[in-house]
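**Q** Here it is, the structure in full.
What follows is calculated from the coordinates using simple rules that are stated; it is not laboratory data. Values in this document were obtained by computation on a predicted structure and should not be read as measured data. Here the Cβ is made from the backbone with ideal geometry for all residues, glycine too, and neighbour counts use every protein chain on show.
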Amino acid sequence: MVTKVKGSVTDAPEYAVAAPATGTHVLGEVVFNSAGGANVGWVCTAAGTPGTWLPFGTKLQLLSTVPLVS
């Protein structure tokens with residue numbers, strides 16, 4: 001299940017354990033991964049029901065961009 005509020009630039013962030021498999025979604029919509037998997041989330045690359053989703057942002061990439069402080 002995706003938790004979301006659509007319709008304005010102040011939409012609440014969406015979180016789910018997997019890319020959406022139901023519902024109508026728009027191009028560019030983002031769902032963040034709440035399951036702690038390898039990617040940060042999914043982005044809708046083609047609008048539809050449920051649309052086409054691709055993962056983005058591996059957590060390893062995020063860690064490698066954080067400067068280490070000694």
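**Q** Compute the length gained on full extension between A47 and Y15: take 0.36 nm times their separation in residues and subtract their Cα-Cα distance, giving the result in nm to one decimal.
**A** My answer for the length gained is 9.7 nm.
**Q** Same structure, new question: Compute the distance in nm between two label points, each set 7 Å from the Cα along the Cα-to-Cβ direction, one at V26 and one at V40.
**A** 2.2
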